[in-house]
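**Student:** Dropping the structure in here first, questions after.
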Amino acid sequence: MPRFVCVACGTQYPDAGEPPDGCPVCLDPRQYVPPGGQRWTTLEELRATHRTELGEEAGLATITTQPHFAIGQRAVLVPWGDGLLLWDCVALLDDATAAEIDRRGGLRGIAISHPHYYTTMVEWAERFGCPVHLHAADARWVMRPNPAIDHWDGERLNLGDGLTLVRGGGHFPGGTMLHRAEGAGTLLSGDIVQVVPDRSHVAFMWSYPNYVPLPEAEVRRVAASVDGLAFETIVGAFPGTVIESGGREVLERSVERYARAVREVL
Ligand SMILES: [Zn+2]
Ligand SMILES: [Zn+2]
């Protein structure tokens, strides 16, 4: 029986004869249903029409899908002890990429910033026999439940070997960032702290595609969630969104710019 994947957001649904009536992730006001309506594919179809590409940004291996599929985010392979943590997720995993990940030490775990990137996380967890760490506050958005999913609660989860998950909130109540202590420190920020095209600021929204901002107090709370963590580099959710240095100053400057904008004194 097929497992349908939403073409607009990449979310995979459990085995079923027919596609779901709708995709709750896309029907939520933080996403959208495209003009042509909800369409569905499967991982098998996707393997025939798309390919997985490994790249590198900010010294980390990245995984993208070519041509563009669904939201278009990239996943990142973060060194974690003697293996790797998959940060965020993309729908397509092909055999060649899986073999290459094995060659580099394999996945010890998966952590995902928020429901827009849950995609086919269960396929990845089953392929690598590893857990998926998701914040419990977003548990209702898991469309394909699986015992591999570990719902953590609270503000921070120390994964060991210098990796820490931080609940930022904002875009989603369980919106999570990954801090890597190695070197001068790196913040992998998903859509929670969005690296914008000028790469000298970040932005904060409740809905990015529908341009719904967050209250200033919530933006300050998101920024405060990384208090005490050193980072020079910020790695955003999309290809090319990397702030190489000065990350802490960029975050603080961006919060003040945001606050001026919403008070109409930009
Ligand atoms: Zn969807
Ligand atoms: Zn998002």
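**Student:** Does the stretch 44-77 hold any residues that are within 22 Å of Val142 (Cβ to Cβ) and within 17 Å of the chain's Cα centre (by Cα), and which are they?
**Tutor:** If the condition is that a residue be within 22 Å of Val142 (Cβ to Cβ) and within 17 Å of the chain's Cα centre (by Cα), then Ile63, Thr65, Phe69, Ala70, Ile71, Gly72, Gln73, Arg74, Ala75, Val76 are the ones that fit.
**Student:** Looking only at residues that are within 23 Å of the chain's Cα centre (by Cα) and surrounded by fewer than 19 Cβ atoms within 10 Å (Cβ to Cβ) in the stretch 8-25, which one is farthest from ligand 2 (Cβ to nearest atom)?
**Tutor:** Checking each candidate, the answer is Pro14.
**Student:** On to the next question. Taking the condition within 27 Å of Glu56 (Cα to Cα) and away from ligand 2 (no atom under 16 Å from the Cβ), does Asp227 pass?
**Tutor:** no
**Student:** Of the conditions (1) over 16 Å from Ser189 (Cβ atoms); (2) surrounded by fewer than 24 Cβ atoms within 10 Å (Cβ to Cβ), Arg74 clears all except one; give me its number.
**Tutor:** Of everything listed in (1) over 16 Å from Ser189 (Cβ atoms); (2) surrounded by fewer than 24 Cβ atoms within 10 Å (Cβ to Cβ), Arg74 misses just condition (1).
**Student:** Ok, one more. Taking the stated definitions as given, is Leu214 surrounded by fewer than 22 Cβ atoms within 10 Å (Cβ to Cβ) and at negative phi?
**Tutor:** yes
**Student:** Hey, another quick one. Suppose we filter Gly22, Gly10, Gly17 for residues that are near ligand 1 (Cβ under 9 Å from one of its atoms), without any contact (Cβ under 8 Å) to a residue 24 or more places away in the chain and in a loop (DSSP other than H, G, I, E, B); which single one remains?
**Tutor:** Of Gly22, Gly10, Gly17, the one residue that is near ligand 1 (Cβ under 9 Å from one of its atoms), without any contact (Cβ under 8 Å) to a residue 24 or more places away in the chain and in a loop (DSSP other than H, G, I, E, B) is Gly22.
**Student:** Would you check which residues across the stretch 132-179 are among the aromatic types (Phe, Trp, Tyr) and within 16 Å of ligand 2 (Cβ to nearest atom) and list them?
**Tutor:** Trp141, Phe172
**Student:** Additional query: Answer with yes or no whether Val7 is at pLDDT 95 or above and within 30 Å of Ala184 (Cβ to Cβ).
**Tutor:** Here the answer is no, as Val7 does not meet what is asked.
The values are calculated or read from the model by the stated rules, or taken from the named source; none is laboratory data. If you're wondering where the values come from, they're calculated on a predicted model, not measured in any experiment. Every residue, glycine as well, gets a Cβ built from its backbone with ideal geometry; the counts of neighbours run over all protein chains shown.
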